[in-house]
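Working notes, structure below.
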Amino acid sequence: MTNKETVICRCEDITMREIQETVERFQCSSREVKLRTRAGMGSCGGRTCRGMVDKLVEQLGGPPISNEIALSYRPPVRPVSFGVLGGEEK
Amino acid sequence: MIDLLIVGAGPAGLRAAIAAAENGLHVSIIDEFVKPGGRLLGQLHEEPDGSWVNGVEEAERMYHRAIQLGVEISTGVSVYDLAETPAGWSIYTTDGVRESRCLLLATGASETPIPIPGWTLPGVMSIGAAQVMGNVHRVKPGHKGVVIGVNVLSVAIAREMQLCGVTVDRIVLPAHNLISADASNPEKMMESLLRLSHLAPSSLMKIGGKFVSPKLAARFYPRNGFKIWGIPIQLRKTALEIIGEEQVRGVRIAAISATGSVIPGTEEIVDADFVCIAGGLTPMAELAAVAGCRFHYVPQLGGHVPLHNERMQTTLKGLYVAGNITGVESAKVAGAQGRVAGLSIADELGVLSAAGKEKIKEAVDQTVHTRKHALIQFNQGIEEARHALYTEFQQLTDKKISV
């Protein structure tokens, strides 16, 4: 196995190679990488790969990591059941 | 409606709860782990004077004090959303919605992974996960393991695993790739290791740490590493790949030059039934982001941190932060910040006397003092980075007032 086949987003099975190719082809931000590859859009909400995607994009010559959080956080930030979302009592 | 809801029952959350409840506030704490204590639960180490720090006992002491003061603590409950209301904050949890006048986020930090080939195999875990298995659940993560990544946390936890009766075969650097970057470079890692030299059991390393140049030290570093507590720390070896079909079987390693290039013909396979990856820590700020806090990217503090001041106020009314969410530092600093936050909140809610207000100043000074005397500095330049952050906060609030 080579470094490039290493999985970055475990939820969506996106490899380092796929992210690298996307950045090189589209010269894009980590947000665009997310929208094009689905990295960070799986069931964990990007909790595992968010930082890695940001760092990869920066290292590959994309926009540097800034004060803005590029890959935004949206609720629910933890997995919850529909019951909980609907206000079901324990 | 309660006065203060705290997310996170670690040292920052517990100390904040105690300070606030001592001033008569009605306080609740929520933590998603099954036990209160946060990362204190993993800590077991020897201080330079030979005494042992037992995080579990420390957490219990704080927990009992908080309970005595009437603080309600719910564990095994997660917060998945929050919203500002005219009266304070609504907090959406897996156990219903809570309303509170003030909110303190003391959510700590999360570990950052270093992806190397094979890192998704069963049996590979973060170094912190191994610590929780051993110290909290009393389960060995495996029989013989390799730790990938040399830093404060990995060396300390390798020692803890050894105390649990687990063989830690060696600690090596991660394979070089775009993400591991400096963490795969012996010279850079030597710099951070030398900052730990005062903790080394060998007085030779203790003295050496003060004078040795990282560059020279990395070049002359013995190939098989130095042993700390019998665990070889191999700065000149890299983990190229974690191997196994269904689960971890071993690690393919190779020798590397002082600047990190692989030396051909030195590859070998080390047997192991588990692997720990130590990539460092980053502030866990997701709830602050959802709330709409302003952020700053501060690498010295571990990544993006919510903009805040010395009194632990964020840019949003009634929302405070304390502990590792404000930057990665020791549990003692987190606790000191927690106390500041608890007192500041008591002040905002108008229950502090004139003498009480004096206490905030003392608590802020105490935080600075604790930081200066911390045994372990996670990153360099923390004080300067914090100062810059507080100045930025000040300028921002001054601007708001003048508008």
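The values are calculated or read from the model by the stated rules, or taken from the named source; none is laboratory data. Everything numeric in this text was worked out from a predicted model, so none of it was measured. Quick reminder, even Gly has a Cβ in these numbers, built from the backbone with ideal geometry, and neighbours come from all protein chains shown. These accessible areas exclude ligands, DNA and RNA; they are computed on the full protein's heavy atoms, side chains included. Shrake-Rupley method; radii C 1.70, N 1.55, O 1.52, S 1.80 Å.
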Does A:K4 count as within 11 Å of chain B (Cβ to nearest Cβ), crowded, with 17+ Cβ neighbours inside 10 Å and of a type outside the set (G, A, S)? no
B:I114 fails exactly one of the following numbered conditions: (1) assigned to a loop (DSSP other than H, G, I, E, B); (2) surrounded by fewer than 20 Cβ atoms within 10 Å (Cβ to Cβ). What is the number of that condition? (2)
Would it be correct to say that A:I14 is surrounded by 18 or more Cβ atoms within 10 Å (Cβ to Cβ) and at the interface with another protein chain (Cβ under 9 Å from one of its Cβ atoms)? no
Evaluate segment B:311-329: report whether one residue or more is touching a residue at least 60 places away in the same chain (Cβ under 8 Å), over 20 Å from B:L25 (Cβ atoms), open to solvent by 20 Å² or more (accessible area, probe 1.4 Å) and of a type in the set (D, E, K, R). no
Out of (1) within 9 Å of chain B (Cβ to nearest Cβ); (2) surrounded by fewer than 17 Cβ atoms within 10 Å (Cβ to Cβ); (3) over 26 Å from B:G76 (Cα atoms), the one A:I65 does not meet is (2)
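Condition check ((1) modelled with pLDDT under 95; (2) among the small types (G, A, S); (3) open to solvent by 30 Å² or more (accessible area, probe 1.4 Å)) across all residues:
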| residue | (1), (2), (3) |
| --- | --- |
| B:R252 | no, no, yes |
| B:A255 | no, yes, no |
| B:E268 | no, no, yes |
| B:Y297 | no, no, yes |
| B:G302 | yes, yes, no |
All-but-one check, B:T107 against (1) in a loop (DSSP other than H, G, I, E, B); (2) open to solvent by 20 Å² or more (accessible area, probe 1.4 Å); (3) within 30 Å of B:A239 (Cβ to Cβ); (4) not basic (K, R), failing number (3)
Mind listing whichever residues of segment A:27-42 are more than 13 Å from chain B (Cβ to nearest Cβ) and in contact with a Lys or Arg (Cβ under 7 Å, 6 or more places away or on another chain)? A:M41
Wholly inside chain A, helices (runs of 4 or more DSSP H) that include 3 or more residues that are of a type in the set (A, V, I, L, M, F, W, C), closer than 30 Å to B:E392 by Cβ and out of contact with any strand residue (DSSP E or B) (no Cβ under 6 Å at 6 or more places or on another chain) are A:50-59
Any residue that is open to solvent by 60 Å² or more (accessible area, probe 1.4 Å), closer than 21 Å to B:A291 by Cα and basic (K, R) - is there at least one of those in segment A:68-79? yes
Within segment B:364-373, identify whether any single residue is open to solvent by less than 30 Å² (accessible area, probe 1.4 Å) and in contact with a Leu (Cβ under 8 Å, 6 or more places away or on another chain), and answer yes or no. no
Step by step: first the residues of segment B:282-332, then only those that are over 20 Å from B:S344 (Cα atoms) and in a loop (DSSP other than H, G, I, E, B), then the one that is farthest from the other protein chains (Cβ to nearest Cβ). Which residue is that? B:S330
Could you check segment B:16-55 and list, in sequence order, the residues that are closer than 26 Å to B:H137 by Cα, open to solvent by 50 Å² or more (accessible area, probe 1.4 Å) and part of a helix (DSSP H, G or I)? B:R39
For segment B:138-162, give me each residue that is within 14 Å of the chain's Cα centre (by Cα) and in a loop (DSSP other than H, G, I, E, B). B:N151
